[in-house]
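K.L.:
Have a look at the structure that comes next, please.
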Amino acid sequence: MPKALPSGLSRSAVEELSRQKEEPEWMLQKRLQAWDIYENTPTPLGRRGDLGTLRMFSNFKFQALSPYVPSNGTLPAAIEQSLEEALVDQRAGLVVQRNASVVRVELDEKLKRQGVILTDLDSAVRDYPELVQQYFMMTCVPVNSTKYTALHAAFWSGGIFLYIPRGVEIEEPILTQVWIDSPGSATFAHTLIIAEDQSSVRYVEEHNSAFEGEQASLLDSVVEVYVKNAAHVEFSNLQDLGLNVWNITNKNAVHEKDGSTTWVLADLGSRVMLADTGVGLTGNGSVGELVGVFFTDHDQRYSLNTLSDHASTATNAETLVKGVLTDESRVEFIGMIRIRPKAQQTASFLSDHTLLLSDKCRAESIPSLEIGANEVSASHGATTGKIDEEQLFYLMVRGIPREEAERIIVQGFFEPVLQRIPLENLRTRLRRSIVRRMSGSYETEADTWVDAQERWEVEGVDEYAISLDSKPVDEEIKLVEY
Amino acid sequence: MESELIIKNLHANIEGKPILRGVDLLVKQGEVHALMGPNGSGKSTLANVIMGNPKYEVTEGEIWFKGENILEYSPDRRARMRLFLAFQYPMSIPGVSVANFLRRSLEAVREGNKPLEEGENPSGRLTKRRSIPPGEFRKMLQEKMRLLKVDNSFINRSINDGFSGGEKKRAEILQMALLEPEVALMDETDSGLDIDALKIVSESVNALRGPQLGILLITHYQRILNYITPDVVHVMYDGRIVKSGGKELALELEARGYEWLRPSDGENGVTVNA
């Protein structure tokens, strides 16, 4: 069993990590190059007058972190229990990463026979070096994208590698979880998905933490998705880290002809989060969709950045983000639509709506368009506002106390986005998490609400529907005139 | 005890501007009162103030319901005492289904008039609320919907979202039927309705009429009173009730307008008790 590295980020720590993993020379060299880029890249400080997320990271004590904390496969009871909750009955595969180590990998036998590969990235480096060399942090999320992707490339560990051969359609979701339960650690989780021509997959990744105390940990993750001709990848990410975890995440998908990706991003946790999500529409006719939900409280700070990068003809993208802020939290959303000169016949839409529940929270929304082609349709819209007092009054006049009325309105605000989350289990848990977050530890209401919602959804009403035509005549109400 | 709504010398402002200037009114269970008056006379304000809309500031007077002065009560607590308001402009709340909302509402109203105690988390109370099983609730709701000729698809839609004017008004009446208020304020329920919709809404109100329900029907047209016969007609002018009478008063107003009732300066106007 490998040993944890002492705290401190350095070139020798990179070498020691690679040595412990018994990595081939090419990977060591890749890590060292990345380390040099990290060292030579100035720390990003953000714009003047922004909400200060990057600046907070610039003051973060990276040197207090251990860059490598391996774990064994025995999961603490709390994690096991939470894992149970997350698992739907039907699934095609499962990966659990705890701190720096992947501790559990399962994949449906039939898919294995079809050539699907689901493994930890360390094993992939050993077993499929040509694939990893070709794709790992090359064109999707290049090492030098940001200072923090370079840091990630130098210290990545554990990691998930998914390869779907041509024509294989994986119906049931593949579920993955990253758990951080070590204070003062840095985890560099990496996800590399290669979907070959006409393949498809539904992939769910959850980021959680389970440790107490003030000592901060870091999750600096990268997700790379390669979508080949007419392939489709649905990637859902639920981030529910504790407030003692800082989070940097870079996700991107690059597409060949007619490829498509759906990002579903739900962010609830972590103290400070810097998130970049992109769709690289490099193939003709490729399509990217991004559905995002966030809820922040306490003094959380988020910087959410999305990029719809249209580089080919007839590409489509839609970004829809909805978030609720309360307490003293701050969220900055920068949504970019870039349409390059070659990207004629492109359609791209972006909307961002935030609801502010307290006087001290702040939200800033900066949608931007960069259009280099002339035959395009692009638009963006953003709204930020408080709960409508008249809506609250309406609900209260129906007997519902103010606090619950607020929760109902927030639920309603999120509902249209939640409806676009394809996986029911994820949708349900997300609803529950949101209600829980709004009312502290009282779970009964959340459960009643969610169950009711689900039950109506599942059962519908038609089974009890009463045909209006068969209405007995004696119930007709007579008009009285005078 | 009989559920009476008693308004005594009620004065209220909005943004410092006085709207109600001393309203006196008594609505008993089982009675239908029509409240008429020109635009801007304060009819809708009165309904909102009775329900405790925080937009308005009560500067003087009292509101008694079921023997309690409810002036300091929150709107939800007033509703849980079974005081109801059918809104003139019902709010749409996207993303919240009618079914879910009405079930929560019914649970709340059935829970009754319990104040929020000092320092107690309101959601803590809700955990103790007796929940109505969805199946049972669905039956109740569909019974009322059948009675009011409301389409079944309605309950899975978002509250008032994308509803036509007539649908919104009917949705209000449906809520009234379900929540079984003891006194209901109906604020211009007839406005914006075509004659067919008006008939359906009137039929519905007549169906709910009974010894358990007192109604204050706010309108500025006599039209709806062709279908819903009031016991008493009040006329409001400049924030006061200036005249009260029997149902004939409505016809007289239709013929003569409101101008003849304008109170002369510095006086309280003419008051005739029914």
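K.L.:
Answer yes if at least one residue in region B:3-22 is over 17 Å from the mean Cα position of the chain (by Cα), surrounded by fewer than 16 Cβ atoms within 10 Å (Cβ to Cβ) and closer than 25 Å to residue B:205 by Cβ, and no otherwise.
P.N.:
Checking region B:3-22: not a single residue is over 17 Å from the mean Cα position of the chain (by Cα), surrounded by fewer than 16 Cβ atoms within 10 Å (Cβ to Cβ) and closer than 25 Å to residue B:205 by Cβ.
K.L.:
Based on this model, can you work out whether residue B:20 counts as part of a helix (DSSP H, G or I) and under 16 Å from residue B:238 (Cβ atoms)?
P.N.:
Judged against the criteria, residue B:20 is not a match.
K.L.:
Pick out the one residue from A:340, A:330, A:301 that is modelled with pLDDT of 95 or more, among the basic types (Lys, Arg) and over 23 Å from residue A:430 (Cα atoms).
P.N.:
Residue meeting the stated conditions: A:340.
K.L.:
Further question on the same structure: Within region B:54-82, track down each residue that is within 14 Å of chain A (Cβ to nearest Cβ) and not hydrophobic (A, V, I, L, M, F, W, C).
P.N.:
B:54, B:55, B:56, B:73, B:74, B:75, B:76, B:77, B:78, B:80, B:82
K.L.:
Follow-up. In region A:63-84, how many residues are surrounded by 17 or more Cβ atoms within 10 Å (Cβ to Cβ) and either in contact with a helix residue (DSSP H, G or I) (Cβ under 8 Å, 6 or more places away or on another chain) or over 15 Å from residue A:97 (Cα atoms) (or both)?
P.N.:
Result for region A:63-84: 5.
K.L.:
Residue under question is residue A:445, and the condition is that it be out of contact with any Asp or Glu (no Cβ under 6 Å at 6 or more places or on another chain), modelled with pLDDT under 90 and more than 9 Å from chain B (Cβ to nearest Cβ); does it hold?
P.N.:
no
K.L.:
Right, next: Can you find, within region B:161-189, the residue that is modelled with the lowest pLDDT among those that are surrounded by fewer than 22 Cβ atoms within 10 Å (Cβ to Cβ), assigned to a loop (DSSP other than H, G, I, E, B) and away from chain A (no Cβ under 12 Å)?
P.N.:
B:164
K.L.:
Would you mention how many residues in region A:347-372 are under 26 Å from residue A:313 (Cα atoms) and in contact (Cβ under 8 Å) with a residue 40 or more places away in the chain?
P.N.:
Of the residues in region A:347-372, 2 are under 26 Å from residue A:313 (Cα atoms) and in contact (Cβ under 8 Å) with a residue 40 or more places away in the chain.
K.L.:
Another one. Using the structure shown, decide if residue A:480 is more than 7 Å from chain B (Cβ to nearest Cβ), at pLDDT below 85, closer than 24 Å to residue B:204 by Cβ and surrounded by fewer than 16 Cβ atoms within 10 Å (Cβ to Cβ).
P.N.:
no
K.L.:
What's the number of the condition residue B:12 fails, among (1) assigned to a strand (DSSP E or B); (2) of a type outside the set (Ser, Thr, Tyr); (3) within 13 Å of chain A (Cβ to nearest Cβ)?
P.N.:
Tallying (1) assigned to a strand (DSSP E or B); (2) of a type outside the set (Ser, Thr, Tyr); (3) within 13 Å of chain A (Cβ to nearest Cβ), residue B:12 fails exactly one: (3).
K.L.:
Only residues that are over 21 Å from residue A:71 (Cβ atoms), polar (S, T, N, Q) and surrounded by 21 or more Cβ atoms within 10 Å (Cβ to Cβ): list them for region A:141-179, please.
P.N.:
A:149
K.L.:
On the basis of being over 14 Å from the mean Cα position of the chain (by Cα) and closer than 26 Å to residue B:247 by Cβ, does residue B:61 make the cut?
P.N.:
Spelling it out, it is not the case that residue B:61 is over 14 Å from the mean Cα position of the chain (by Cα) and closer than 26 Å to residue B:247 by Cβ.
K.L.:
Let me ask something else about it. Report, by residue number, each residue of region A:292-306 that is crowded, with 22+ Cβ neighbours inside 10 Å and touching a residue at least 40 places away in the same chain (Cβ under 8 Å).
P.N.:
Matches in region A:292-306: A:292, A:293, A:295, A:296, A:300, A:301, A:302, A:303, A:306.
K.L.:
Collect the residues in region A:234-291 that are surrounded by 24 or more Cβ atoms within 10 Å (Cβ to Cβ) and of a type in the set (Lys, Arg), keeping them in residue-number order.
P.N.:
Result: A:251, single match.
K.L.:
Let me ask you something else. I'd like the residue in region B:248-263 that is touching a residue at least 12 places away in the same chain (Cβ under 8 Å) and outside any helix (DSSP H, G or I) and, out of all such residues, is surrounded by the fewest Cβ atoms within 10 Å (Cβ to Cβ).
P.N.:
Per the criteria, the residue is B:262.
K.L.:
Right, something else. What residue, among those in region B:151-160 that are at the interface with chain A (Cβ under 9 Å from one of its Cβ atoms) and touching a residue at least 24 places away in the same chain (Cβ under 8 Å), is surrounded by the fewest Cβ atoms within 10 Å (Cβ to Cβ)?
P.N.:
That would be B:156.
K.L.:
Sort through B:101, B:65, B:87 and tell me the only one that's in contact with a Leu (Cβ under 8 Å, 6 or more places away or on another chain) and under 17 Å from residue A:393 (Cβ atoms).
P.N.:
B:101
To keep it simple, each residue is scored yes or no on (1) within 26 Å of residue B:18 (Cα to Cα); (2) surrounded by 21 or more Cβ atoms within 10 Å (Cβ to Cβ); (3) within 14 Å of another protein chain (Cβ to nearest Cβ); (4) of a type in the set (Asp, Glu).
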site: B:211; (1), (2), (3), (4): no, no, no, no
site: B:221; (1), (2), (3), (4): yes, no, no, no
site: B:233; (1), (2), (3), (4): yes, yes, yes, no
site: B:242; (1), (2), (3), (4): yes, yes, no, no
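K.L.:
Something else now. For residue A:219, which of the numbered conditions (1) assigned to a strand (DSSP E or B); (2) surrounded by fewer than 22 Cβ atoms within 10 Å (Cβ to Cβ) fails to hold?
P.N.:
Residue A:219 satisfies every listed condition except (2).
K.L.:
Quick one: which of A:378, A:382, A:363, A:373 is more than 14 Å from chain B (Cβ to nearest Cβ) and either crowded, with 21+ Cβ neighbours inside 10 Å or at pLDDT 95 or above (or both)?
P.N.:
Checking each option against the conditions leaves just A:363.
K.L.:
Check residue B:35 against each of (1) under 15 Å from residue B:233 (Cβ atoms); (2) surrounded by fewer than 17 Cβ atoms within 10 Å (Cβ to Cβ); (3) in contact (Cβ under 8 Å) with a residue 24 or more places away in the chain and name the one condition it does not meet.
P.N.:
Failing condition for residue B:35: (2).
K.L.:
Right, another one. Can you tell me how many residues in region B:38-53 are surrounded by fewer than 18 Cβ atoms within 10 Å (Cβ to Cβ) and within 14 Å of chain A (Cβ to nearest Cβ)?
P.N.:
The total comes to 0.
K.L.:
Residues being over 24 Å from the mean Cα position of the chain (by Cα), in a helix (DSSP H, G or I) and among the basic types (Lys, Arg): count how many of those fall in region A:42-66.
P.N.:
Number of matching residues: 0.
The values are calculated or read from the model by the stated rules, or taken from the named source; none is laboratory data. Predicted model only: the values in this text are computed from it and were never measured. As a convention, Cβ positions derive from the backbone with ideal geometry for all residues, glycine included, and neighbour counts pool all protein chains shown.
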